[in-house]
Amino acid sequence: MQQATSSTSSLPAWWYDRTARALALQATLLFVVVAAAIFFFSNVQTNMAARGLTLGFGFLDRSAGIPIGEYLIPYTPSNSYARALLVGLLNTLRVAIIGCLLVTLLGVFLGILRLSENPLLSGLVGAYIEIVRNTPVVLQLVFWLVVFQQLPSVREALNPLPGVYLSQRGLKIPVLEWNDAAVFALAGLALAIAAIVWTTRRARAHQMQTGEYRRVWPICVGYLVMLPLAAAQLTGDRLILSVPELQGFNFAGGAELSPEFAALLTGLVIYTAAFVAEIVRSGIQSVGKGQWEASRALGLSNGRIMRLVILPQALRVIVPPLTSQYLNLTKNSSLAIVIGYQDLFSVSNTSINQTGQAIEVIFIMMTVYLVLSLLTAAGMNIYNARVALKER
């Protein structure tokens with residue numbers, strides 16, 4: 001005992017001060033981190049100098065020479081690396097935005113069907129969820145690419161809907177031609193959405209004050225149809241629908257979705273929707289059965305009970321894990337490189353191989369994915385705060 005006391009008393013006096021000890025440990029940790037950063041930075045500079053490279057983003061102004069088959073903004077291989085990376089980013093955003101919308105619709109639909117009292121229907125949805133969730137997403141992407149590549153040739157393209165064609169070259173769909181009328185129609189659509197939000201809030205406030213329910217969906221449909229058409233008429237031009245037509249060995253007109261894009265979008269939507277369906281099911285089951293019984297006692301139909309009573313309460317359980325699934329879908333889109341779709345990851349990988357600027361390109365990729373994730377999380381957190389139960 002005397003030896004232990006003697007050993008402890010040999011420590012400096014500040015060691016027995018909790019605050020001083022904490023500061024010393026944090027200073028030591030900071031020193032280690034800075035030393036490691038300096039070592040790795042020096043090591044990177046030495047290795048890059050040995051290969052005749054220097055750190056910096058000057059390579060972004062050089063001609064890329066990367067052929068990209070799909071782009072939302074004008075692009076040629078003679079454009080710079082910066083523009084090539086921007087084209088890749090837009091391709092990633094196209095998959096992520098459309099995918100999140102489709103995943104929400106399909107996931108909610110399947111989640112409700114999973115609770116069906118029909119055992120066959122519920123069992124089929126359950127089998128779909130278990131098979132899809134327990135199969136690697138890369139395998140599913142390859143599967144859908146093979147499926148799209150096995151479609152008939154252009155001359156024998158499938159025609160499931162008027163103006164819609166499926167062939168080995170992808171999906172052809174009708175699309176509005178981009179002119180002044182289309183620009184004004186988009187502005188009218190934005191105005192219609194704002195009018196719908198305002199009308200819905202007014203109806204909700206009226207119901208809270210008087211208890212009277214107002215049916216607003218016919219007015220909302222009128223906004224969506226009339227305002228874009230009226231805005232297009234202001235230009236004196238007219239909306240032109242470009243419908244694909246078979247001419248020679250290919251289609252003319254319309255918009256084309258490549259087999260790679262269709263396979264990536266289909267695979268990610270079907271894979272992620274299985275998880276969303278389970279999230280929706282658990283959210284609905286978290287609402288007490290008394291809510292169903294009380295709503296039925298008021299004479300509400302099952303559809304109105306689900307829309308007006310159950311789903312609003314289930315959202316507080318659904319929204320947080322749903323945010324994670326949106327982030328997963330966005331990050332899983334980087335697997336597009338496996339099936340040849342040129343998204344941000346694919347273009348970045350080619351840029352690294354051509355320039356050797358791996359540190360800079362990886363830094364750009366990490367920054368972009370981090371910003372996308374933070375923006376998605378921030379938007380969903382704002383929505384979650386709006387739908388959360390308010391306790392008084």
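The values are calculated or read from the model by the stated rules, or taken from the named source; none is laboratory data. Nothing here was measured: the structure is a model prediction, and the numbers come from that model. Neighbour counts are summed over all protein chains in view; Cβ atoms, including those assigned to glycine, are modelled from backbone coordinates with ideal geometry. Calculation scope for accessible area: heavy atoms of the full protein, side chains included, ligands and nucleic acids excluded. Shrake-Rupley method; radii C 1.70, N 1.55, O 1.52, S 1.80 Å.
Being at pLDDT below 85, aromatic (Phe, Trp, Tyr), surrounded by 18 or more Cβ atoms within 10 Å (Cβ to Cβ) and out of contact with any Cys (no Cβ under 6 Å at 6 or more places or on another chain) is true of Phe251.
Scanning the range 337-371 for residues that are of a type in the set (Phe, Trp, Tyr) and within 22 Å of Val137 (Cα to Cα), which turns out nearest to the chain's Cα centre (by Cα)? Of everything passing the filter in the range 337-371, Tyr369 is nearest to the chain's Cα centre (by Cα). Applying the criterion of at least 1 residues that are of a type in the set (Gly, Ala, Ser) and free of Cβ contacts under 8 Å to residues at least 40 places away in the same chain to the strands (runs of 3 or more DSSP E) found wholly in the range 222-336 leaves 250-252.
Considered as a group, the residues in the range 223-248 that are closer than 28 Å to Asn159 by Cα and of a type in the set (D, E, K, R) include one that is modelled with the lowest pLDDT, and that residue is Arg238. Scoring Val387 on the criteria (1) of a type in the set (Val, Ile, Thr); (2) surrounded by 12 or more Cβ atoms within 10 Å (Cβ to Cβ); (3) under 30 Å from Ala84 (Cα atoms); (4) over 14 Å from the mean Cα position of the chain (by Cα) leaves a single failure, condition (3). All of Leu335, Leu265 fail the test of being in contact with a helix residue (DSSP H, G or I) (Cβ under 8 Å, 6 or more places away or on another chain), open to solvent by less than 40 Å² (accessible area, probe 1.4 Å) and farther than 28 Å from Arg215 by Cβ, apart from Leu265.
Exactly one residue out of Leu166, Leu158, Leu145 is buried (at least 16 other Cβ atoms within 10 Å of the Cβ), under 18 Å from Glu256 (Cα atoms) and either in contact with a Ser or Thr (Cβ under 7 Å, 6 or more places away or on another chain) or without any contact (Cβ under 8 Å) to a residue 60 or more places away in the chain (or both): that is Leu166. Within the range 154-178, the set of residues being among the β-branched types (Val, Ile, Thr) and within 11 Å of Gly254 (Cβ to Cβ) comprises Val164, Ile173, Val175. Taken over the range 207-221, the criterion of being surrounded by 14 or more Cβ atoms within 10 Å (Cβ to Cβ) and either touching a Phe, Trp or Tyr at 6+ places or on another chain (Cβ under 6 Å) or in a helix (DSSP H, G or I) (or both) is satisfied by Ile219, Cys220. The set of residues in the range 60-85 that are under 25 Å from the mean Cα position of the chain (by Cα) and in contact (Cβ under 8 Å) with a residue 40 or more places away in the chain comprises Ile68, Gly69, Glu70, Tyr81, Ala84, Leu85. Counting the residues of the range 106-132 that are loosely packed, with under 13 Cβ neighbours inside 10 Å and either over 30 Å from Arg304 (Cα atoms) or among the β-branched types (Val, Ile, Thr) (or both) gives 1. Residues in the range 68-105 that are open to solvent by 70 Å² or more (accessible area, probe 1.4 Å), more than 23 Å from Val269 (Cβ to Cβ) and at pLDDT 90 or above: 3 in all.
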